[in-house]
Amino acid sequence: MNLTVNNNSHIIDESTTIDKLIEQLNIDSKGIAIAVNLTVVSKEHWNKTALKENDNITIIKATQGG
(Lines give C-alpha, C1' and ligand atoms only; values in the text may rest on other atoms or scores of the structure.)
Protein backbone atom coordinates (compact mmCIF):
# COMPACT_ATOMS: atom_id res chain seq x y z
CA MET A 1 0.00 0.00 0.00
CA ASN A 2 1.27 3.49 -0.83
CA LEU A 3 1.52 6.26 1.76
CA THR A 4 3.06 9.69 1.84
CA VAL A 5 5.16 10.38 4.93
CA ASN A 6 6.49 13.93 5.26
CA ASN A 7 6.15 14.41 1.49
CA ASN A 8 8.01 11.17 0.68
CA SER A 9 6.30 8.16 -0.86
CA HIS A 10 6.52 4.84 1.03
CA ILE A 11 5.20 1.38 0.32
CA ILE A 12 4.11 -0.48 3.45
CA ASP A 13 2.21 -3.64 4.33
CA GLU A 14 -1.57 -3.70 4.36
CA SER A 15 -3.14 -3.49 7.84
CA THR A 16 -0.37 -1.29 9.18
CA THR A 17 -1.05 0.92 12.19
CA ILE A 18 0.78 4.11 13.11
CA ASP A 19 2.94 2.37 15.71
CA LYS A 20 3.95 -0.29 13.16
CA LEU A 21 4.75 2.43 10.62
CA ILE A 22 7.15 4.29 12.92
CA GLU A 23 8.77 0.97 13.78
CA GLN A 24 9.20 0.11 10.07
CA LEU A 25 10.67 3.56 9.40
CA ASN A 26 13.06 3.28 12.39
CA ILE A 27 11.72 6.43 14.02
CA ASP A 28 12.06 6.99 17.76
CA SER A 29 8.55 7.56 19.15
CA LYS A 30 9.75 9.92 21.89
CA GLY A 31 8.94 13.57 21.30
CA ILE A 32 7.00 13.19 18.07
CA ALA A 33 3.49 14.09 16.97
CA ILE A 34 1.71 12.38 14.09
CA ALA A 35 -1.11 13.58 11.89
CA VAL A 36 -2.99 11.42 9.41
CA ASN A 37 -4.60 13.43 6.63
CA LEU A 38 -4.11 16.63 8.67
CA THR A 39 -5.76 15.19 11.81
CA VAL A 40 -3.48 14.75 14.83
CA VAL A 41 -3.69 11.28 16.37
CA SER A 42 -2.87 11.00 20.07
CA LYS A 43 -0.13 8.56 20.99
CA GLU A 44 -2.55 6.36 22.94
CA HIS A 45 -4.40 5.64 19.65
CA TRP A 46 -1.39 4.84 17.46
CA ASN A 47 -1.75 1.08 17.94
CA LYS A 48 -5.46 1.24 16.99
CA THR A 49 -5.25 3.61 14.02
CA ALA A 50 -5.11 1.61 10.80
CA LEU A 51 -3.56 3.36 7.83
CA LYS A 52 -5.18 3.27 4.40
CA GLU A 53 -4.01 3.51 0.81
CA ASN A 54 -2.86 7.04 -0.11
CA ASP A 55 -2.97 8.37 3.47
CA ASN A 56 -0.84 11.45 4.03
CA ILE A 57 1.19 11.15 7.24
CA THR A 58 2.97 14.08 8.86
CA ILE A 59 5.53 13.37 11.57
CA ILE A 60 6.75 16.32 13.61
CA LYS A 61 9.66 16.01 16.03
CA ALA A 62 9.94 18.35 18.99
CA THR A 63 13.28 20.09 19.26
CA GLN A 64 14.86 22.20 21.94
CA GLY A 65 16.09 25.63 21.24
CA GLY A 66 16.59 28.97 22.77
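What to note about this one:
- For residue 1, the shell of other residues with beta-carbons less than 9 Å away shows a net charge of -3, using +1 for Lys and Arg and -1 for Asp and Glu.
- Cβ-based net charge around residue 61, under 12 Å, with every Lys or Arg adding one and every Asp or Glu removing one: 0
- Filtered GluC sites (Glu not before Pro), the chain: DSSP coil and at most 14 other beta carbons within 10 Å: 14, 53
- Under the simplified labelling scheme, the residue 1-residue 56 pair shows an inter-label distance of 1.8 nm, with each label point 7 Å from Cα along Cα→Cβ.
- For the chain, the carbon plus sulfur part of the accessible surface works out to 48%, probe radius 1.4 Å.
- Under 9 Å, Cβ to Cβ, from residue 29 - net charge with Lys/Arg +1 and Asp/Glu -1: -1
- Over the chain, relative contact order from alpha-carbon pairs under 8 Å, at least 6 apart, %: 43 percent
- Remark: the residue 47-residue 12 segment gains 11.0 nm on full extension, using 0.36 nm per residue and subtracting the alpha carbon distance.
- Helix-only [θ]222 nm of the chain, DSSP H runs n ≥ 4, -39500 (n - 2.57) each, per residue, nearest 500: -2500 deg cm²/dmol
The values are calculated or read from the model by the stated rules, or taken from the named source; none is laboratory data. This is a predicted model, so every value here is computed, not measured. Virtual Cβ from ideal backbone geometry, glycine too; neighbours counted across all protein chains shown. In case anyone asks, the SASA skips ligands and DNA or RNA and just uses the protein heavy atoms, side chains included. Shrake-Rupley method; radii C 1.70, N 1.55, O 1.52, S 1.80 Å.
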